[in-house]
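My structure is below; once you've seen it, I'll send some questions.
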């Protein structure tokens, strides 16, 4: 067991696409807590930064440190535009992921993940983590390997059951090939498919041995935590307990799903994690979802937890990747009590409930949603299925309806589905340009804490830093030592 005292009190949430960028993660880590980069769609994000001219040269600086220089050279040749693309110029795409991709395609993902973690860790000794979605399976092995090449300290994974990941980390640390189960619809009983990544495919000699990062699965039930602690393919180092008030993807309610008059799934007592049972597992745990206050941090510490994970407060700070104008607009609406967050059970093609900020001109607006032509050209949330021919095909409930149905999909699954891939890139200022100059519209996800963010930000303020958030969360917090009731006052900074 790793003592909770060896871990940070605060984990900055891993918000994708590109919201939890290297700038934010570095700022949090330099302030003594765990900064986390998002690994979701990181390959497309890096090449879009290059096509926008790589302001400051940060991506290229990290690429120069990548241990496979020929890969960096090829990616620069393929994607870098020194003066940056014009506003009406579409981004050059990268090939969509499949079960098996080319060596070059794998290397792009490895490089992109390395770049983001390298920049987050550059110039300090604080810990840095990477967050991945279990549901976005196909790029995850290459993304993990790239992060480990850059010395990532923690891996956080939710939106599914990441049972195979600890063993993957173990094997990558030894330079060995790793595999994980690939979810494919329509397989015959007893049939299984897998995803593989072999480091040896990318090195002329023996692959290097690497530091094995700590692994923190994101869970929403005691039973899942207990199963992972006992049956995961390798060591689990702790848990992040995420409630339904957290932003992004939420776990569905347990049991039969009931909805309120807004169509939101209703959560009950079965969805509440018992912290006493979590403590009995003997592993550190952090609580996420509605946890952005010093009072909540103290409450978790008193319950035997290691700390809290916070997303929403960090999402709107200066260092986050959300477009600056969008941040300002959301914060002003929140201060006027005119902001709303809907747990949308239909938005995500994954089928998981997804928290969406209701704001005009974004994909949460029915008029904006209906005006967009359905297109799936990034494909990170596609599902794999067994075709009649025996081959594996790919479909997404947010793609054109006729296309989805021709692939054997149920037309009812398409209702209300949003292209999260394209919308989330627009949220961080990298929206794709379509015909006639149309640029993809954003979609913002936040936890329920957004409704009370004005209590932290203050009247009239639309700017604050990541260090402000850390100082606020640590202010006046007492930390108990062992079982003793004696408390020690935590400093405002660490």
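Normalising by the residue count of the chain, find the relative contact order in percent from Cα pairs under 8 Å and 6+ residues apart.
16 percent
Please state the shape class of segment 65-143: rounded when a/c is under 1.5, otherwise prolate if a/b exceeds b/c and oblate if not, all from the C-alpha gyration tensor.
oblate
Could I ask something else about it? Between the alpha-carbon centers of segment 85-101 and segment 348-419, tell me the distance in whole angstrom.
Comparing the Cα centres of segment 85-101 and segment 348-419, I get a distance of 18 Å.
For the chain, what does -39500 (n - 2.57) per DSSP helix run (n ≥ 4), summed and divided by total residues, give at 222 nm, in deg cm²/dmol to the nearest 500?
Working: 17 runs with 149 residues, N = 494.
Calculated from helices alone, the mean residue ellipticity at 222 nm is -8500 deg cm²/dmol.
Please work out whether segment 83-188 counts as rounded, prolate or oblate from its C-alpha gyration tensor, where a ≥ b ≥ c are the square roots of the eigenvalues and a/c under 1.5 means rounded, while otherwise a/b larger than b/c means prolate and anything else oblate?
Details: a/c = 1.86, a/b = 1.10, b/c = 1.69.
Oblate.
Where does each of 167-180, 112-125, 72-85 land if you order them by average Cβ count within 10 Å, highest first?
By packing density, highest mean first, the sequence is 112-125, 167-180, 72-85.
Expressed as cubic angstrom per residue, what is the convex hull volume of the alpha carbon set of segment 314-367?
Value for segment 314-367: 102 Å³ per residue.
Another one. For segment 229-262 and segment 18-68, compute the distance between their C-alpha centroids and round to whole Å.
Each part's Cα centre sits 28 Å from the other's.
Please report 58, 7 as a ranked list, fewest other C-beta atoms within 10 angstrom at the top and most at the bottom.
58, 7
Ok, one more. Under the classification rounded if a/c is under 1.5, otherwise prolate if a/b is larger than b/c and oblate if not, where does segment 1-126 fall, given a ≥ b ≥ c as square roots of the Cα gyration tensor eigenvalues?
Numbers: a/c = 1.98, a/b = 1.70, b/c = 1.16.
Prolate is the answer for segment 1-126, as a/c is 1.5 or above and a/b outweighs b/c.
Further question: Which ordering of 448, 302 is given by a fewest-first count of other beta-carbon atoms within 10 Å?
302, 448
Order of 187, 216 from fewest to most other C-beta atoms within 10 Å?
187, 216
Values in this text are rule-based calculations from the coordinates and carry no lab data. Quick caveat: nothing in here was measured; it's all calculated off a predicted structure. Glycine also receives a Cβ, built like all others from the backbone with ideal geometry; neighbour counts cover every protein chain displayed.
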